[in-house]
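Undergrad: I'd like to ask you about the structure that follows.
The values are calculated or read from the model by the stated rules, or taken from the named source; none is laboratory data. What you see is a predicted model, and the numbers here were worked out from it, not measured in a lab. Here the Cβ positions follow ideal geometry from the backbone for every residue, glycine too, while neighbour counts run over all protein chains shown.
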Amino acid sequence: MPTLVIVGAQWGDEAKGKIVDVLGDGAKFVVRFSGGNNAGHTVIVGDREFKFHLLPAGILHPGSTAVLGSGMVICPRSLLEELDRTRVIQPDLGTLRISSSAHVVFPYHRMLDQLEEEARGENKIGTTARGIGPAYEDKVARIGIRMAEFVNPDRHRKRLQEVLAVKNRLLGLFGQDPLDFDELYDEYAAYAERLTPFVADTDVILQDAVEAGERVMFEGAQGTFLDLDAGTYPYVTSSHPIAAGACLGTGVGPRAIDSVLGVCKAYTTRVGSGPFPTEQDNAEGARIREQGKEYGTTTGRGRRCGWLDLVALRQSCRTNTLSGLIVTRLDVLSGFERLPVAVAYRLRGTTIHHLPADVADLAQVEPIYEVLDGWDGDLRSARRLSDLPSATLRYLEFIEDHTKTPAAILSVGPDREETIVLRPDLIWG
Ligand code: IMP
């Protein structure tokens, strides 16, 4: 099974970075396929902590190639900063390749992201303000600037001139001063020069790798319910974090994917606005936030916290056709006497087992909970299933039964070592 997709099975921040780092050791290619520097992945190796926004966490494995796929939108400034910062901590990194079809994020995208959010008032999405939505809008409107053009000075100049003329008019409507072309071009041309050696037709590189039977890991960002179509629209990101996005955003076809693993927390969190049925906006939610240090890697915002939602998780298993689940942050739930878990919703007197597509309905659903026993003690030293308390084992079985999906890996702490692999057959076969 040489191709493996890792996706977030909830609303993002499921600790995918750690998992990709652990599994990336066996991969020849580690590939990001959607989003941009709205993502935030933390990887802890011994006493070193890495924070990634654009680079695949797999860059830490010197023998592998980290690919930024065609489905991404890339801020060159933050990519270069991240590369420089990572090299200071670990000089020996994997090879980097950036898709010539990926789109470039410019400062006007970030400005418009903020201005549009302000204009939405109380309906704001709570974006990360990194210009992600506006960059994808340009892609769909067919005026975006792709990496291939960006690293060609003449084409970069011409395209930026055309696009900036439009964007400055738009900024004017929001009462903003126009951006100066020469200043912007000079700054971005310098970034383009540094990025030139990395830009390649990565679709072909990956298709060759798949044909050659190399191990390729697709690293999802965000999560299933932030997907533009499968998520809680409009409170979503502007790309496709679901498993199908791995194909859309890399040029590798669906029949080439062997295994799909979904990363989920043992509870649920969400950043930004939008319905969240099992949210605990109370002392228990605050306790999860403090025990789990649930603050955003990208924005530092406190995450909204709540109980595990098996309605959502089951739907995620189906949307992504998950081969297995990777259950993270089990250690964070230690000390809770009781653990309610949502198994269905009530909507206008009817019991349902899916997330209604209309957010107005989703905002109204009442979760139906089953309450499981909690557990005590520090799980971080557990290295085998038998090291876990019996209540933790029951909690895991309950998840497997309700989602009809096996647990493939458990994470009991942030470090690489704090991992229990249950189903190696679902990883690289
Ligand atoms: P955007 O991706 O910045 O446009 O933000 C859209 C929504 O997705 C907001 O609710 C963000 O908080 C959320 N979001 C974007 N990236 C992430 C992530 O990596 N983890 C969790 N939430 C995210």
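Undergrad: Write out, first by first residue and then by second, each pair whose Cβ atoms fall under 9 Å of each other, whose residues are 6+ apart or on separate chains, and whose first residue, in region 129-152, is free of Cβ contacts under 8 Å to residues at least 12 places away in the same chain and under 30 Å from Gly300 (Cα atoms) while the second is away from the ligand (no atom under 16 Å from the Cβ) and polar (S, T, N, Q).
TA: No pair meets every condition.
Undergrad: Of Gly413, Gly335, Gly377, which residue is more than 24 Å from the chain's Cα centre (by Cα) and either within 19 Å of Thr269 (Cβ to Cβ) or hydroxyl-bearing (Ser, Thr, Tyr) (or both)?
TA: That would be Gly335, the only listed residue that is more than 24 Å from the chain's Cα centre (by Cα) and either within 19 Å of Thr269 (Cβ to Cβ) or hydroxyl-bearing (Ser, Thr, Tyr) (or both).
Undergrad: Within the group Gly63, Gly58, Gly8, which residue is farther than 20 Å from Val151 by Cβ, away from the ligand (no atom under 16 Å from the Cβ), surrounded by 24 or more Cβ atoms within 10 Å (Cβ to Cβ) and outside the structural domain of Gly306 (by TED's automatic domain parsing)? Spell out how you get there, then give the answer.
TA: Details: Gly63 fails: surrounded by 24 or more Cβ atoms within 10 Å (Cβ to Cβ); Gly8 fails: away from the ligand (no atom under 16 Å from the Cβ).
Step by step, each of Gly63, Gly58, Gly8 is checked, and only Gly58 is farther than 20 Å from Val151 by Cβ, away from the ligand (no atom under 16 Å from the Cβ), surrounded by 24 or more Cβ atoms within 10 Å (Cβ to Cβ) and outside the structural domain of Gly306 (by TED's automatic domain parsing).
Undergrad: I need the helices (runs of 4 or more DSSP H) fully contained in region 96-162, keeping only those with at least 1 residues that are within 16 Å of the ligand (Cβ to nearest atom) and buried (at least 23 other Cβ atoms within 10 Å of the Cβ).
TA: Because the criterion is at least 1 residues that are within 16 Å of the ligand (Cβ to nearest atom) and buried (at least 23 other Cβ atoms within 10 Å of the Cβ), the helices (runs of 4 or more DSSP H) in region 96-162 that meet it are 107-120, 132-140.
Undergrad: A further question follows. Which ones in region 391-429 are part of a loop (DSSP other than H, G, I, E, B), out of contact with any Ser or Thr (no Cβ under 9 Å at 6 or more places or on another chain) and modelled with pLDDT under 95?
TA: Once the filter is applied, which keeps residues that are part of a loop (DSSP other than H, G, I, E, B), out of contact with any Ser or Thr (no Cβ under 9 Å at 6 or more places or on another chain) and modelled with pLDDT under 95, region 391-429 yields Arg416, Glu417.
Undergrad: Search region 226-246 for residues that are in the same structural domain as Ala141 (by TED's automatic domain parsing) and at pLDDT 95 or above and pair each with any residue that is more than 9 Å from the ligand (Cβ to nearest atom) and not in a loop (DSSP other than H, G, I, E, B) when their beta-carbon atoms are under 8 Å apart and the residues are at least 6 apart or on different chains.
TA: Between residues of region 226-246 that are in the same structural domain as Ala141 (by TED's automatic domain parsing) and at pLDDT 95 or above and residues that are more than 9 Å from the ligand (Cβ to nearest atom) and not in a loop (DSSP other than H, G, I, E, B), there is no close pair.
Undergrad: Filter region 20-31 for residues that are under 24 Å from Thr268 (Cβ atoms) and buried (at least 24 other Cβ atoms within 10 Å of the Cβ); which is farthest from the chain's Cα centre (by Cα)?
TA: That would be Leu23.
Undergrad: Name the residue that is nearest to the ligand (Cβ to nearest atom), counting only residues in region 282-311 that are at pLDDT 95 or above and among the β-branched types (Val, Ile, Thr).
TA: Ile288
Undergrad: When you scan region 199-310 for strands (runs of 3 or more DSSP E) that lie fully inside it, which ones turn up with 1 or more residues that are among the hydrophobic types (A, V, I, L, M, F, W, C)? Walk me through it before giving the result.
TA: Details: elements: 216-219, 259-265, 268-270, 304-306.
Once the strands (runs of 3 or more DSSP E) in region 199-310 are filtered for at least 1 residues that are among the hydrophobic types (A, V, I, L, M, F, W, C), what remains is 216-219, 259-265, 304-306.
Undergrad: List the pairs whose first member sits in region 268-288 and is outside the structural domain of Gly12 (by TED's automatic domain parsing), whose second member is away from the ligand (no atom under 12 Å from the Cβ) and in a loop (DSSP other than H, G, I, E, B), and whose Cβ atoms are under 6 Å apart, counting only residues at least 6 apart or on separate chains?
TA: So the pair list comes out as Thr268/Thr278; Pro275/Ala363; Pro277/Val365; Thr278/Trp307; Ile288/Tyr267.
Undergrad: I'd like to check something: does region 312-329 contain any residue that is in contact (Cβ under 8 Å) with a residue 60 or more places away in the chain, within 16 Å of the ligand (Cβ to nearest atom), polar (S, T, N, Q) and within 28 Å of Arg384 (Cα to Cα)?
TA: For region 312-329, residues in contact (Cβ under 8 Å) with a residue 60 or more places away in the chain, within 16 Å of the ligand (Cβ to nearest atom), polar (S, T, N, Q) and within 28 Å of Arg384 (Cα to Cα): present.
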